[in-house]
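The values are calculated or read from the model by the stated rules, or taken from the named source; none is laboratory data. What you see is a predicted model, and the numbers here were worked out from it, not measured in a lab. Cβ sites come from the backbone with ideal geometry, for glycine too, and all protein chains shown count toward neighbours.
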Amino acid sequence: MKQTTRHKEIIELVQKNGYVSTDNLVEHFNVSPQTIRRDLNELADENKIRRHHGGATTQQSSVNTAYSARKVMQSHEKDAIAEALVKHIPDGATLFIDIGTTPESIAKELVKKHKDLRVVTNNINVAGILMGNEDFKVILAGGEVRNKDGGIVGEATLDFIKQFRLDFGILGISGIDYDGSLLDFDYHEVRVKKAIIENSRRIYLAVDHTKFGRNAMVNLANISELDMLITDLTPPDEIVAILKEHNIPLQVTSSTAKV
C-alpha cells in the first residue's frame, strides 16, 4: 500500500474510532511499528490527527457533538458497557444518574431486572426510561431544562443535588485527557457533576473508547477520584498507569480494537 493511501485510511480509522493504538494499526496494515509511528508523526505535523504515546486521536472541536449524533455513535459499545456496569449495582441501592447518552443506556439496563432502586437524576431522558419500572422511585432534579438533550442544569439543580448522600454516582463525560483529567464542555454541567461526585459513596464512570484523549474545555475531576472505570476497549497506557497507581478497578467489555 502506498503511503498516501495508508495515511488517508489512518485518518478515516481515527475519525471513526476516536482513538486507535499503534499496535492495532500495525496489525491492520501489516507493516512495522516504525512505519506506523512515522505515519502518525507526519499526520500530526500536518494537524490531521493528534499524536499520543501508543496511538492517535482526532483533532478536537471546542464544542460537543450534537445530541442526535451522539445517540447513535458507538451505540453497541455503550450498551455493552451499560450491561457490565449494572451488575455492580445491587437491588435496593440509591444512585445518581448523570446527563449523557451512556447514562441513558445504563438506565435502560437497570429497568430490565433491578428492584427497589431510588434514583436521583438531572436527565429527563433517564427519568422517562426509569418510569418503565414501577418498582423504582425516581426523583428528578429541578432547574433549567436544555432543549438540546434533556439535561437539567443551573443553581437550582446544584442545590438540589447537594441535599442527598447516595450509594452510587454514575457519570457521563465528554473526554479523558492523558493526565487523567475528566473533561466536559459545559461549565454549568460540570458543577453538577462535581456535586454528584462529592455526594456519592462510590463513583462509577462509564465511557466508550472514543473519549480517551478527547479534548474539552472544562476540567471537573481526575480519574484517581473514581471507584471504577468501565469501557469497551483497553485505555491508552498513560490512563491505565494512573488507574493502577491508585488501585482503581478497570473493566473492559472487549479486548480488541475495531479498526
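Screening the range 132-152 for residues that are hydrophobic (A, V, I, L, M, F, W, C) and crowded, with 22+ Cβ neighbours inside 10 Å and picking the one that is nearest to T121 (Cα to Cα) gives A141. Farther than 30 Å from S21 by Cα and in contact (Cβ under 8 Å) with a residue 40 or more places away in the chain, is that true of N222? Here the answer is no, as N222 does not meet what is asked.
Selection of first residues in the range 79-91 that are under 17 Å from L226 (Cβ atoms) and of second residues that are of a type in the set (A, V, I, L, M, F, W, C) and in a loop (DSSP other than H, G, I, E, B), restricted to Cβ pairs under 8 Å at least 6 apart or on distinct chains, gives the following pairs, ordered by first then second residue: I81/V207; I89/L117. Selection within the range 207-230: residues that are modelled with pLDDT under 95 and closer than 21 Å to E109 by Cα. The member of this set that is surrounded by the most Cβ atoms within 10 Å (Cβ to Cβ) is V207.
Out of V240, V192, I need the residue that is closer than 17 Å to L95 by Cβ and either touching a strand residue (DSSP E or B) at 6+ places or on another chain (Cβ under 9 Å) or surrounded by fewer than 16 Cβ atoms within 10 Å (Cβ to Cβ) (or both). Which one?
Going through V240, V192 in turn, just one is closer than 17 Å to L95 by Cβ and either touching a strand residue (DSSP E or B) at 6+ places or on another chain (Cβ under 9 Å) or surrounded by fewer than 16 Cβ atoms within 10 Å (Cβ to Cβ) (or both): V192.
Restricted to the range 1-115, the set of helices (runs of 4 or more DSSP H) holding at least 3 residues that are assigned by TED's automatic domain parsing to the domain that holds A127 and at pLDDT 95 or above comprises 75-86, 101-113.
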